[in-house]
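Read-outs throughout are calculated quantities, based only on the coordinates presented, and are distinct from any laboratory measurement. Since the structure is predicted, the reported quantities are computational estimates derived from the model, not experimental observations. FYI the Cβ positions are ideal-geometry reconstructions off the backbone, even for glycines, and counts take in every protein chain you see.
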Amino acid sequence: MSEPTRTGDLDERAGWDQLAGFYYEFRSEGGKFNHQDRARIGESGYMKDLIARTPLDGKRVLDAGCGFGYYAFIAADLGASVTAIDFAPEMIERARSLARERRAQIDFQVGDVTNLSPLESGTFDMVVSGMDLEIPDVSLAFAEFARVLNRGGRLVFSVPHPVIQHGSWHKNDEGKKDHFRVAGYFERGPFIAEWLDENRQPVRFRRYRRTIQDYVQALANTGFVVTRLFEGEPPAGCEKSDPELYADLHLAPTYLIVEAEKR
């Protein structure tokens with residue numbers, strides 16, 4: 001995550017600290033709130049496949065905006081030497097605690113994805129960033145990722161699909177979603193999103209709308225070439241395990257998952 005913004009009582013770092021407990025149970029497979037996580041079908045499988053696409057044994061991986069370390073642990077289990085950063089201290093403390101429990105050698109640090117100055121240039125083979133780039137200027141993060149990667153290094157990231165941030169769901173007479181109406185797709189800029197923590201208390205965040213074009217152009221301008229792109233189509237078989245979520249994810253793209261190579 002990038003450095004937090006403040007607008008009135010909106011403090012994003014404090015918000016993510018407040019949400020740390022919920023987010024762990026939300027994102028963890030088998031967690032108390034994992035059934036609410038649409039990404040368990042639409043995003044994480046694609047990310048895991050891309051991370052494991054080439055051998056990581058002995059490679060250096062940076063998890064940028066790591067949260068409690070979901071992808072950091074996956075990379076470490078594949079043999080990588082992992083550094084992981086997040087701007088929320090409570091998230092990093094939770095990640096360090098999990099690393100101790102799992103006896104995982106991961107270097108968790110409080111940091112900013114748009115300013116990786118503590119990290120040396122050209123020292124990583126892969127940068128992973130899962131659902132963390134809804135920030136004011138994604139180009140700043142991509143430029144830092146390019147700097148710390150060696151030539152030929154890979155960037156694997158996911159974000160909410162731009163389509164899903166430019167419109168609204170329509171429900172039929174039975175109250176079920178039947179289509180998604182896109183409106184104002186080329187409108188960029190901030191909006192406020194709200195989550196509920198484990199105590200049902202609201203947590204508000206500033207998020208930023210951009211288009212697929214914006215992501216691809218920002219990658220090109222910072223020295224990356226897109227090598228793979230997925231839009232979160234739910235995999236076959238999920239219609240049986242979670243038919244309602246499967247149907248939702250088929251109506252409109254919810255996640256954008258990208259692999260890019262530094263040239």
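Structural remarks
- Theoretical ellipticity at 222 nm over the chain - DSSP helices of four or more residues, -39500 (n - 2.57) apiece, nearest 500: -9000 deg cm²/dmol
- Kirkwood analysis of the stretch 1-132, using all unique Cα-Cα pairs, places the hydrodynamic radius at 15.2 Å.
- Comparing Asp77, Asp11, Asp242 in a Gaussian network model of the chain (Cα springs below 10 Å), the most mobile by mean-square fluctuation is Asp242.
- The residues packed around Leu56, meaning those with a beta-carbon under 11 Å from its beta-carbon, carry a net charge of +1 if Lys and Arg are +1 and Asp and Glu are -1.
- Projecting the Cα positions of Phe191, Pro243, Ala84 onto the charge dipole of the chain (unit charges on Cβ atoms of Lys, Arg, Asp and Glu, taken about the Cα centre) puts Ala84 furthest along the positive direction.
- Rg over Rh, two decimals, the stretch 32-107 (C-alpha only, Kirkwood Rh): 0.97
- Listed from fewest to most Cβ neighbours within 10 Å, the set Leu229, Leu155 follows the order Leu229, Leu155.
- Cβ-placed point charges (K, R +1; D, E -1), dipole of the chain about Cα centre in debye, nearest 20: 460
- Based on the reciprocal of the average 1/r between different C-alpha atoms, the Kirkwood radius for the stretch 122-247 equals 17.2 Å.
- Sites counted here are GluC sites (Glu not before Pro) in a DSSP loop (not H, G, I, E or B) having no more than 13 other Cβ atoms within 10 Å; the longest part of the chain that contains none of them is 30-119.
- Neighbour-count ranking [beta-carbon atoms within 10 angstrom, fewest first] of Val82, Val156, Val225, Val163: Val225, Val163, Val156, Val82
- As a rough footprinting exposure proxy, the listed residues Tyr246, Tyr71 were ranked by other beta carbons within 10 Å of their own, and the order from fewest upward is Tyr246, Tyr71.
- Neighbourhood net charge (11 Å Cβ-Cβ; Lys/Arg +1, Asp/Glu -1) for Asp17: -4
- Selection among Leu50, Ala39, Thr222 by position relative to the dipole of the chain gives Thr222 as farthest towards the positive end (Cβ unit charges, Cα centre).
- Lysine pairs in the chain with Cα atoms under 29 Å, if 8 or more residues apart or on separate chains: 13
- Identified option (computed Cα Rg over 2.2 N^0.38 Å; candidates (1) 1.43; (2) 1.07; (3) 0.98): (3)
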